[in-house]
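See structure below.
The values are calculated or read from the model by the stated rules, or taken from the named source; none is laboratory data. These figures come from a predicted structure and were not determined experimentally. Because the Cβ atoms are built from the backbone with ideal geometry, glycine has one as well, and the counts that use them run over all protein chains shown.
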Amino acid sequence: MKISGNTILMTGGGSGIGEALAHRLHDAGNTVIVAGRRAEALKQACEGRANMHAVTLDIDSAAEIASFAARVTAGFPALNVLINNAGLMRFEVLDTHRDLADAEATITTNLLGPIRLSNALTDHLARQPDAAIVNVTSGLAFVPLIDTPTYSATKAAMHFYSVAQREALRGKVEVIELVPPGVQTDLTPGQASRSGYMPLKDYIDEVMTLLGQTPTPAEILVERVRPLRFAEANGQFDQTLAALNALARSQR
């Protein structure tokens, strides 16, 4: 993926990793379109940035994704990079009967959303030079949090979807997986100030360095996420699972 001169669509671009990465990519010389449900947050993300644009999108609506794809490609015909960043994390309990609304909402946002949007834009992207799809997953795709099981499962699913998508689109669209560790954002209540999480600026700095490598790595892995990514391969899965969950619970 080239680091500048792109027209980039970033879902979930009104806050957190999405907003911070959108700003850095804009600073690097890209036109950036941020999409999400909250029009005011998107507008604020674009303030003072001439080549940054806000477009509302309900990633949970299949019908809206189809119409959105038509609108965004008509408005930005040079669009050549899609970053599937929008995500939802909800705490759940598994040891008793519960309402599954949170689980179902998480699957719709985190899994069906990027699959539907990628599907809607694949033909357009395949016609563009230097086209890329970046799927934002998580270190929890490889070692789950017990208290966020559906989130972890959707990120694991997106990891393997990215593997298949990369092979299917080889030679047409580059497919990159961005794998964050726990980062100080508002993804969950209080997370932005938890000391056990990686500062957002430090995370984006390291991501931009990795994106600037030639060739771009298929998986963007900052040093802090590598113990999760390779826990099973290194024979450390059980120990990592226990330590990760103990740390996460102590932080809340």
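Observations on the structure shown:
- Ser67 small (Gly, Ala, Ser), under 22 Å from Asn110 (Cα atoms) and over 18 Å from the mean Cα position of the chain (by Cα): yes
- Selection from region 154-203 of residues that are touching a helix residue (DSSP H, G or I) at 6+ places or on another chain (Cβ under 9 Å), at pLDDT 95 or above and assigned to a loop (DSSP other than H, G, I, E, B): Leu169, Lys172, Val173, Val179, Pro180, Pro181
- Filter result (in a loop (DSSP other than H, G, I, E, B), of a type outside the set (A, V, I, L, M, F, W, C) and under 19 Å from the mean Cα position of the chain (by Cα)) within region 83-99: Asn85, Gly87, Arg90
- Extreme residue, modelled with the lowest pLDDT, among residues of region 24-39 that are in a helix (DSSP H, G or I) and surrounded by fewer than 19 Cβ atoms within 10 Å (Cβ to Cβ): Ala39
- Criterion violated by Leu94 - all others in (1) in contact with a helix residue (DSSP H, G or I) (Cβ under 8 Å, 6 or more places away or on another chain); (2) crowded, with 16+ Cβ neighbours inside 10 Å satisfied: (2)
- Residues in region 162-178 that are small (Gly, Ala, Ser) and closer than 16 Å to Asp130 by Cα: Gly171 alone.
- Here is the figure for region 40-82: residues that are assigned to a loop (DSSP other than H, G, I, E, B) and touching a residue at least 12 places away in the same chain (Cβ under 8 Å) total 10.
This table checks each residue for (1) at pLDDT 95 or above; (2) under 20 Å from Leu21 (Cβ atoms); (3) assigned to a helix (DSSP H, G or I).
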position: Glu206; (1), (2), (3): yes, yes, yes
position: Gly235; (1), (2), (3): yes, no, no
position: Asp238; (1), (2), (3): yes, no, yes
position: Ala248; (1), (2), (3): no, no, yes
